[in-house]
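A short worksheet on the structure shown next.
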Amino acid sequence: MTAEEKKKELALYRLRQADETLDEAEFLFVGKKSPRAIINRAYYAMFYAVLALLIFEPYSSSKHSGVLSYFNRRFIKEGLLSERAGESINTAFELRQRGDYREYAELGYEQVKPYIQKAREFIAEVRNYLKLQSLI
C-alpha cells in the first residue's frame, strides 16, 4: 500500500468515526440523555471530520485548540469550506468545553439540539470537499 493509499484509508476511517459519533449524539438526544453528553458527541463527530482533512495537511497538534486554529486559518479563512462550518465547530467546541470542564455548567436540550444537524452538515461538507479534491 502506498503512502497516499494509507492516507486515503485513514481519512475514510476518520469519516466513519465521525458518522458513528454523530449516531451516538442522535441516540442520546432521542433517549433524553444528558445535554452535556449530546454536545460532546456532536462536537467529536465534527472533530473527527477535521482530522480526516488534516491527514492531507502538513500539520499536527495534540491540542483541540491548535487543530481548530489551523482548521479555521486553512479551511475557513481561505474559503475552502463555508463560514457556517467554521461557526458550527467553533461554537460546539465552546459548548463542549463549558459542559465538560466548567463547574455547575448547565446545558439544555434546546441549546444542543441544533448541533446534531450542524454536525451532519459539517461532516457532509468535509466529505464533499475531500471527494472534490480526489482525496477519498
Taking segment 99-136 and keeping only residues that are exposed (fewer than 12 other Cβ atoms within 10 Å of the Cβ) and acidic (D, E), one is left with E103, E106, E110
Scanning segment 1-25 for residues that are among the polar types (S, T, N, Q) and in a helix (DSSP H, G or I) gives Q17, T21
Suppose we keep only residues that are among the β-branched types (V, I, T) and out of contact with any Leu (no Cβ under 8 Å at 6 or more places or on another chain) within segment 65-95. Which one would you say is nearest to L107 (Cα to Cα)? T91
Consider segment 38-63. How many of its residues are surrounded by fewer than 18 Cβ atoms within 10 Å (Cβ to Cβ) and either farther than 24 Å from Q133 by Cα or in contact (Cβ under 8 Å) with a residue 40 or more places away in the chain (or both)? 3
Does segment 68-90 include one or more residues that are in contact with a Lys or Arg (Cβ under 6 Å, 6 or more places away or on another chain), surrounded by 12 or more Cβ atoms within 10 Å (Cβ to Cβ) and of a type in the set (S, T, N, Q)? yes
Failed item, numbered, when P35 is tested on (1) more than 12 Å from A119 (Cβ to Cβ); (2) surrounded by fewer than 19 Cβ atoms within 10 Å (Cβ to Cβ); (3) in contact (Cβ under 8 Å) with a residue 24 or more places away in the chain: (2)
Are any residues in segment 88-112 not basic (K, R) and not in a helix (DSSP H, G or I), and if so, which ones? E103, Y104, A105, E106, L107, G108
Picking from L53, L95, which residue would you name as being within 14 Å of the chain's Cα centre (by Cα), more than 23 Å from K33 (Cα to Cα) and of a type in the set (A, V, I, L, M, F, W, C)? L53
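Read the figures in this text as sums done on the coordinates, not as results from a lab. The model shown is predicted, which means the values in this text are computed figures rather than measured ones. Note that we place each Cβ from the backbone using ideal geometry, even for glycine, and neighbour counts take in every protein chain shown.
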